[in-house]
Amino acid sequence: MAERAPYRPREAYRTWRTISTRWMDNDAYGHVNNTVYYSWFDTVVNGYLVDAGVLDIATSPTICVVVETGCRYAQSVTFPQGVEAGIRVVHTGLSSVRYEVGLFIAGTRTAAAEGYFVHVHVDRESRRPLAFTPEWRSALIAISV
């Protein structure tokens with residue numbers, strides 16, 4: 001059996017967002033359910049895009065849709081822990097981008113989980129892929145490694 005790659009350190013990420021866990025995030029096993037992590041990935045990346053000024057959730061003529069995602073878990077997160085999410089871009093194509101997100105329990109050095117997802121930039125109405133505009137590309141380059 002192959003060894004797992006080590007988790008990335010905090011220094012590997014280019015920008016950060018804070019997440020507050022909620023009581024309802026815990027599952028019957030007493031920790032945050034795995035599906036919540038995917039929600040966090042989507043939330044922190046889209047929050048970054050909104051703050052970067054390239055995405056208006058309600059009115060942007062283009063949006064991004066998730067076409068691939070994955071996560072690996074190192075330790076449990078529970079309510080009421082805070083989570084610090086590090087974000088980085090590792091690949092940008094003509095109309096797609098791969099983000100990696102590290103989730104750290106507030107104040108810790110080691111990731112509790114890390115994941116990725118791939119966005120495709122599309123026309124809001126037709127859902128057909130569109131090349132990133134210079135503004136989009138600039139926002140993605142700002143957090144690229």
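For the reader, a short list of remarks on this structure follows.
- Residue count, the stretch 96-124 (criterion: surrounded by fewer than 19 Cβ atoms within 10 Å (Cβ to Cβ), in contact with a His (Cβ under 6 Å, 6 or more places away or on another chain) and of a type outside the set (Lys, Arg)): 0
- So Val89, is it within 18 Å of Gly115 (Cα to Cα), buried (at least 19 other Cβ atoms within 10 Å of the Cβ) and in contact with a strand residue (DSSP E or B) (Cβ under 7 Å, 6 or more places away or on another chain): yes
- Top-ranked residue of the stretch 5-44 - restricted to ones that are part of a loop (DSSP other than H, G, I, E, B) and closer than 19 Å to Gly86 by Cβ, ranked as modelled with the lowest pLDDT: Ala5
- Looking only at the stretch 22-56, residues that are open to solvent by 50 Å² or more (accessible area, probe 1.4 Å) and polar (S, T, N, Q) come to 4 in all.
- Cross-chain or 6+ apart pairs with Cβ under 7 Å, the stretch 122-137 first and among the small types (Gly, Ala, Ser), then open to solvent by less than 60 Å² (accessible area, probe 1.4 Å): Ala131/Ser95
- Qualifying residue in the stretch 57-72 (condition: more than 26 Å from Pro134 (Cβ to Cβ), of a type in the set (Gly, Ala, Ser), open to solvent by less than 80 Å² (accessible area, probe 1.4 Å) and assigned to a loop (DSSP other than H, G, I, E, B)): no
The values are calculated or read from the model by the stated rules, or taken from the named source; none is laboratory data. No experiment lies behind these values; they were computed from the predicted model shown. As a convention, Cβ positions derive from the backbone with ideal geometry for all residues, glycine included, and neighbour counts pool all protein chains shown. Areas reflect the complete protein model, heavy atoms only, side chains present, ligands, DNA and RNA absent. Shrake-Rupley method; radii C 1.70, N 1.55, O 1.52, S 1.80 Å.
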